[in-house]
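The values are calculated or read from the model by the stated rules, or taken from the named source; none is laboratory data. Everything quoted here is computed from the prediction, not taken from an experiment. Note that each Cβ is placed from the backbone with ideal geometry, even for glycine, and that neighbours are counted across all protein chains shown. Accessible surface areas use protein heavy atoms only, side chains included; no ligands, DNA or RNA. Shrake-Rupley method; radii C 1.70, N 1.55, O 1.52, S 1.80 Å.
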Amino acid sequence: MKTLLRIDSSIRHIGSISRDLGDHFVSHWLKKFPGARVITRDLQSEQVPHLSQATVQAFFSGLDNDELALSNGLINELLACDDILITCPMYNFQIPSSLKSYLDHVVRVNKTFSYNDGQYMGLLRDKSSYLITTMGGKKDDITQDENFEHYLRGILAFIGLSNTNIFCADGTTNPEYLSQTLPLLKQRITKII
């Protein structure tokens, strides 16, 4: 069964443009894949803790212990899906800390990437990935990634998701601008799914 993993990172549940665009994406994705399954990981409702020394030590111990349960569960969700959708607002020029914590738990050697003979290789290569990003200011060049988008594109490529589609709703603090650009962005999402 085709499976989508949706990861939301906005602190808002009501009035979140990234979540609303995520809903739009999912509804059209389900139309394309009737009967498919959606796994939702809401990083605001189910917060992933920051890494601890004990967790990092467990990553490299070679033992599968209780300290790895959360990380293993998150990685299993990634492995079980065909497509990945991340909705991400920009906070203080970067990704939300909840999303950074999530990524810290899933970017693991011999789980989501390997390292052999001085070469890194992502292990999640047979999946499609999509980013819906939002930012208050307007982009100077809509074709260029902002720093937070560049980071996300890079970390996803590192684990094997090298062809990530980014849909950015910029200018979210300008209602007039947003009313013009949001319908076009929704059309673009619908076409690319």
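Using the 1.4 Å probe convention, the accessible area of region 1-158 works out to 53 Å² per residue with neighbouring protein chains retained. Residues considered: Ala169, Ala69, Ala157. Largest GNM mean-square fluctuation over the chain, using C-alpha springs under 10 Å, is found at Ala69. Rounded to the nearest 500, the 222 nm mean residue ellipticity of the chain from helices alone is -12500 deg cm²/dmol, with -39,500 (n - 2.57) taken per DSSP H run of at least 4 residues.
Solvent-accessible area assigned to carbon and sulfur over the chain amounts to 50 percent, based on a 1.4 Å probe.
Between the entries (i) 74, 37, 32; (ii) 50, 37, 24; (iii) 55, 38, 35, the label attached to Cα extents along the principal axes in Å calculated for this structure is (iii). Charges were assigned to the Cβ only: +1 to each Lys and Arg, -1 to each Asp and Glu. The resulting dipole of the chain about its Cα centre is roughly 580 debye. Pick from Ile132, Ile39, Ile159: which residue has the top mean-square fluctuation in a GNM of the chain where Cα pairs under 10 Å get a spring? Residue with maximal mean-square fluctuation among Ile132, Ile39, Ile159: Ile39.
Helix 69-80 and the longest principal axis of the Cα set of the chain meet at an angle near 60°. Heavy-atom accessible area with a 1.4 Å probe sorts Met121, Met1, largest first, into Met1, Met121.
Overall shape: oblate for region 1-100, with the ratio a/c of the largest to smallest alpha carbon gyration tensor axis at 1.5 or above and b/c at least equal to a/b. Between Tyr151 and Leu184, the modelled labels are 2.8 nm apart [label points 7 Å from Cα along Cα→Cβ].
Stretching the chain fully between Arg12 and Gln53 yields a gain of 11.7 nm (0.36 nm per residue, less the alpha carbon separation). Helix 175-192 against the longest principal axis of the chain: what's the angle in degrees, Cα atoms only, rounded to the nearest 10? The angle comes out near 60 degrees.
Rounded to the nearest 10 degrees, what's the angle between the helix 17-32 long axis and the longest principal axis of the chain, both from Cα atoms, 0 to 90? Compared with the principal axis, the helix lies near 80 degrees. Counting only DSSP beta bridges with both residues in the chain, the antiparallel share comes to about 15 percent.
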